[in-house]
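Enquirer: Quick one: the structure is below, and I'll ask about it shortly.
The values are calculated or read from the model by the stated rules, or taken from the named source; none is laboratory data. Owing to the predicted nature of the structure, the values given are computational and were not obtained by experimental measurement. We place every Cβ from the backbone using ideal geometry, glycine too, and count neighbours over all the protein chains shown.
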Amino acid sequence: MTYYRPRTAAEAVELTTSGADPAYLAGGHTLIPAMKARLRDPDRLIDVSGLDELRGMQHADGRLWIGALTRHADVARGADVFPALQTMASMIGDPQVRNRGTLGGSLANNDPAADYPAAVLALDALVETDRAVHGAADFFQGMFFTALEDGELIRRVGFRIPRRAAYAKFRHPASRYALAGVFVAELEEGWRVAVTGAGGEGVFRWSEAEAALGAGQNARDVPPPDAAAMSSDIHAGADYRAHLCTVMLKQAVGDLS
Amino acid sequence: MAIEFTLNGERAAPTADPTALLVEVLRDELGLTGTHIGCDTSQCGACNVLMNGEPVKSCTLLLAQVDGADIVTIEGLAEGDTLHPMQLAFKEAHGLQCGFCTPGMVMAGIGIAKRHGGAVGEDTIAHELEGNLCRCTGYVNIVKAIKAGAAASAGEMA
Ligand code: FES
Ligand code: FES
């Protein structure tokens, strides 16, 4: 395994064009645990954490653009960040994880229980890379799969600024990953509700909940999503996860700001 | 690639591979065994060290990632025989039983004190310990220790 520290994003991308299984390294809080569990065995580690062009936050066109290298702790404390996204970032992992883990790393991995995918989908975000701009709807392609091509590097993510939004999650007590996490956002054209942790195919939009909120229904009366589409493991069965979605929806709607 | 960083105030230039885990370099090459490995799966916090003043998990950090950084381990907190206020608070509040989780708890406590200041409450402390596990389940006294340690170190952490 060879370690590289490119000085520009272009150089980083170039490094991925050779080597059998190159991997970008940012905070390392997804990649390193995966390597320790022998789920990944890259032959090239391309450390992008020094690339200033992947940093920064700015408002433009009704969106908050956040650089891919921004750590969860920086989003949680970011003065420019709207409250729902701050809260979501403050709930990722634990303080030590938030001091290292990055937005880009979380999205590139698309863990089915990660928090950011729910925010990206609910806030109709754009994912800008070295070669394309992906809409949220196309970006996530089932658990651990995204629209990213080999070597494609996330530069920044543009979240739409919602009228109101909130995130609620039920955590696995040790890993802190979501057994069910629900991000609710009111955008100009209506409600968007995205669920992480519970779906059998990873993050998904809960269209029945969106329609119910749009029709002015109380969140309490929204029935659970179809359990057949939920994931099931030793931590929580599909029925329980479906039920947790309703509980987290109520909680999120109650916390809207 | 040669990696260099500041370790407990002194220059360190270990020869381990840049892709070695920091915790293993600290323990095996540099002989600082106060930083513990409790889980190796990024969940227990026994391996916490300070990186540029913030607690991070040294089991989830490659040596290359700390190139140029300022790293402090539990061995680097005391000044001579004078314990760091957070260490002293753990001693006085009986914030440890077997002591295995303690180095990581002390580092997490320093982070909590920095983020929340000297008047931080027990609920916040308990919540912010979400990344630290104690198998002796001495959490009540650990929370008390961090509260006292934060109050005692408020001045110097500002
Ligand atoms: S050994 Fe690092 S978190 Fe447990
Ligand atoms: S004091 Fe024994 S593990 Fe915490």
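Enquirer: Quick check on this structure: which one of B:Gly111, B:Gly34, B:Gly76 is within 16 Å of ligand 2 (Cβ to nearest atom) and either assigned by TED's automatic domain parsing to the domain that holds B:Gly149 or of a type outside the set (Phe, Trp, Tyr) (or both)?
Expert: It is B:Gly34.
Enquirer: Give me the pairs, please: first residue somewhere in the stretch A:1-23 and touching a residue at least 12 places away in the same chain (Cβ under 8 Å) and not assigned by TED's automatic domain parsing to the domain that holds A:Asp41, second residue anywhere and among the hydrophobic types (A, V, I, L, M, F, W, C) and not in a loop (DSSP other than H, G, I, E, B), beta-carbon distance under 8 Å, and either six or more positions apart or on two chains.
Expert: If the second residue must be among the hydrophobic types (A, V, I, L, M, F, W, C) and not in a loop (DSSP other than H, G, I, E, B), no pairs are left.
Enquirer: Quick one: is B:Thr82 more than 10 Å from chain A (Cβ to nearest Cβ) and of a type in the set (S, T, N, Q)?
Expert: When the stated conditions are applied, B:Thr82 passes them.
Enquirer: Considering only strands (runs of 3 or more DSSP E) fully contained in the stretch B:1-68, which possess at least 1 residues that are surrounded by 24 or more Cβ atoms within 10 Å (Cβ to Cβ)?
Expert: B:48-51, B:54-57
Enquirer: Conditions first: (1) within 16 Å of ligand 2 (Cβ to nearest atom); (2) within 14 Å of another protein chain (Cβ to nearest Cβ); (3) farther than 19 Å from B:Met51 by Cβ. B:Thr124 passes all but one, so which condition is the exception?
Expert: For B:Thr124, the exception is condition (1).
Enquirer: Quickly run through the stretch B:127-158 and pick out the residues that are within 14 Å of chain A (Cβ to nearest Cβ), of a type in the set (S, T, N, Q) and in contact (Cβ under 8 Å) with a residue 60 or more places away in the chain.
Expert: Of everything in the stretch B:127-158, just one residue is within 14 Å of chain A (Cβ to nearest Cβ), of a type in the set (S, T, N, Q) and in contact (Cβ under 8 Å) with a residue 60 or more places away in the chain, namely B:Asn132.
Enquirer: Name every residue in the stretch B:61-95 that is within 21 Å of B:Asp40 (Cα to Cα), in contact with a helix residue (DSSP H, G or I) (Cβ under 9 Å, 6 or more places away or on another chain) and of a type in the set (A, V, I, L, M, F, W, C), in order of residue number.
Expert: Of everything in the stretch B:61-95, those that are within 21 Å of B:Asp40 (Cα to Cα), in contact with a helix residue (DSSP H, G or I) (Cβ under 9 Å, 6 or more places away or on another chain) and of a type in the set (A, V, I, L, M, F, W, C) turn out to be B:Leu61, B:Leu62, B:Leu63, B:Val66, B:Ile71, B:Val72, B:Ile74.
Enquirer: Please determine whether any residue of the stretch B:72-82 is touching a Phe, Trp or Tyr at 6+ places or on another chain (Cβ under 8 Å), more than 16 Å from ligand 1 (Cβ to nearest atom) and either in a helix (DSSP H, G or I) or within 26 Å of B:Glu4 (Cβ to Cβ) (or both).
Expert: No, the stretch B:72-82 contains no residue that is touching a Phe, Trp or Tyr at 6+ places or on another chain (Cβ under 8 Å), more than 16 Å from ligand 1 (Cβ to nearest atom) and either in a helix (DSSP H, G or I) or within 26 Å of B:Glu4 (Cβ to Cβ) (or both).
Enquirer: Here's something else I'd like to know. Enumerate the strands (runs of 3 or more DSSP E) found wholly within the stretch A:1-116, keeping only those where 2 or more residues are over 22 Å from the mean Cα position of the chain (by Cα).
Expert: Filter on the stretch A:1-116 gives A:2-4, A:44-47.
Enquirer: If you don't mind, there's one more thing I want to ask. Check A:Asp94, A:Asp150 and return the single one that is of a type in the set (Asp, Glu), within 20 Å of A:Gly28 (Cα to Cα) and surrounded by 21 or more Cβ atoms within 10 Å (Cβ to Cβ).
Expert: A:Asp94
Enquirer: Against the condition within 16 Å of ligand 1 (Cβ to nearest atom) and modelled with pLDDT under 95, how does B:Glu156 come out, does it pass?
Expert: No.
Enquirer: Which one is farthest from ligand 2 (Cβ to nearest atom), of the residues in the stretch B:127-158 that are charged (D, E, K, R) and surrounded by fewer than 16 Cβ atoms within 10 Å (Cβ to Cβ)?
Expert: B:Glu156
Enquirer: Given the residues B:Asn48, B:Asn52, which is the only one that is under 25 Å from B:Ala2 (Cα atoms) and within 9 Å of ligand 1 (Cβ to nearest atom)?
Expert: Going through B:Asn48, B:Asn52 in turn, just one is under 25 Å from B:Ala2 (Cα atoms) and within 9 Å of ligand 1 (Cβ to nearest atom): B:Asn48.
Enquirer: It is to be established whether one or more residues within the stretch B:53-70 are on the phi > 0 side of the Ramachandran plot, within 11 Å of another protein chain (Cβ to nearest Cβ) and either away from ligand 2 (no atom under 16 Å from the Cβ) or at pLDDT 95 or above (or both).
Expert: Within the stretch B:53-70 (the criterion being on the phi > 0 side of the Ramachandran plot, within 11 Å of another protein chain (Cβ to nearest Cβ) and either away from ligand 2 (no atom under 16 Å from the Cβ) or at pLDDT 95 or above (or both)), the answer is yes, since at least one residue qualifies.
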